[in-house]
Amino acid sequence: MSILGNIFTWWNGATIGTAIFTSRKGEEVGSDAAGNRYYRSKNVKDGQRERRWVIYDGANDASRVPAEWHGWLHGAGDDVPESNLPPPRIWEADYTPNATGTAQAYLPSGALERGGRRARASGDYEAWTPGE
């Protein structure tokens, strides 16, 4: 991405301000399979809460944060998730990104994008007319 893109856009990764803040105040604690990098504040004074944040690899989409890292970001535990993850289960599905607004989004049968035709009513519906 260009320097102007990093200055003025926040939806395609870290801005210049975030990158500077992260380099000065943050320490990287890990990354996930999607390439997102997780940070926490370097110097936490007594009585202050530790700040935690993520820098996405690509578009900023919170649905790309795995559950274990989501819990860590919100303070559910002090340990980095990579250090205490259970082994993957055979029934766990791979991550699929949020498809809303894309060509892969779910469209029900009556959606305008699919021609706007829906199944005919079964006959149990009677239209209401005012005054009846």
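The values are calculated or read from the model by the stated rules, or taken from the named source; none is laboratory data. All values derive from a computational prediction rather than experimental measurement. Cβ: placed from backbone, ideal geometry, glycine included. Neighbour counts: every protein chain shown.
Hey, can you tell me all the residues within the range 80-132 that are in a loop (DSSP other than H, G, I, E, B), more than 29 Å from Y39 (Cβ to Cβ) and of a type in the set (A, V, I, L, M)?
Answer for the range 80-132, where residues must be in a loop (DSSP other than H, G, I, E, B), more than 29 Å from Y39 (Cβ to Cβ) and of a type in the set (A, V, I, L, M): I90, A103, A105, L107, A111, A119, A121, A127.
Mind counting the residues in the range 48-61 that are of a type in the set (A, V, I, L, M, F, W, C), at pLDDT 85 or above and loosely packed, with under 13 Cβ neighbours inside 10 Å? Please lay out each step first, then the result.
Step one: filter the range 48-61 for residues of a type in the set (A, V, I, L, M, F, W, C), giving 53-55, 59.
With the extra rule that they be at pLDDT 85 or above, the set shrinks to 53-55.
From the residues that got through so far, the ones that are loosely packed, with under 13 Cβ neighbours inside 10 Å too are none.
So the answer is 0.
So, in the range 70-99, of the ones that are surrounded by fewer than 10 Cβ atoms within 10 Å (Cβ to Cβ) and β-branched (V, I, T), which residue ends up modelled with the lowest pLDDT?
Here the answer is T96.
Output the residues belonging to the range 65-96 that are among the aromatic types (F, W, Y) and closer than 19 Å to R51 by Cα. Step through it out loud before you land on a result.
As a first pass, look at the range 65-96 and keep what is among the aromatic types (F, W, Y): 69, 72, 91, 95.
Within the range 65-96, W69, W72 meet the criteria.
Scan the range 23-79 residue by residue and report those that are of a type in the set (F, W, Y) and in a helix (DSSP H, G or I). Can you show your working first?
At the first step, the residues of the range 23-79 found to be of a type in the set (F, W, Y) are 38-39, 53, 56, 69, 72.
Within the range 23-79, W69, W72 qualify.
Applying the selection to the range 105-122, what residues are surrounded by 10 or more Cβ atoms within 10 Å (Cβ to Cβ) and closer than 21 Å to A59 by Cα?
Listed by number, the list holds a single entry, A105.
Looking at the structure I just gave you, is T129 modelled with pLDDT of 85 or more and among the polar types (S, T, N, Q)? Walk me through it before giving the result.
Details: modelled with pLDDT of 85 or more: yes; among the polar types (S, T, N, Q): yes.
Criteria met by T129.
Here's a check for you: in the range 32-47, which residue that is free of Cβ contacts under 8 Å to residues at least 24 places away in the same chain and small (G, A, S) is surrounded by the fewest Cβ atoms within 10 Å (Cβ to Cβ)? It would help to see each step written out before you state the result.
Within the range 32-47, the first condition is being free of Cβ contacts under 8 Å to residues at least 24 places away in the same chain, and the residues that meet it are 35, 37, 39-47.
In the following step, the residues that additionally are small (G, A, S) were identified as 35, 41, 47.
Values: G35: 11, S41: 16, G47: 5.
Filtering the range 32-47 for residues that are free of Cβ contacts under 8 Å to residues at least 24 places away in the same chain and small (G, A, S), the one surrounded by the fewest Cβ atoms within 10 Å (Cβ to Cβ) comes out as G47.
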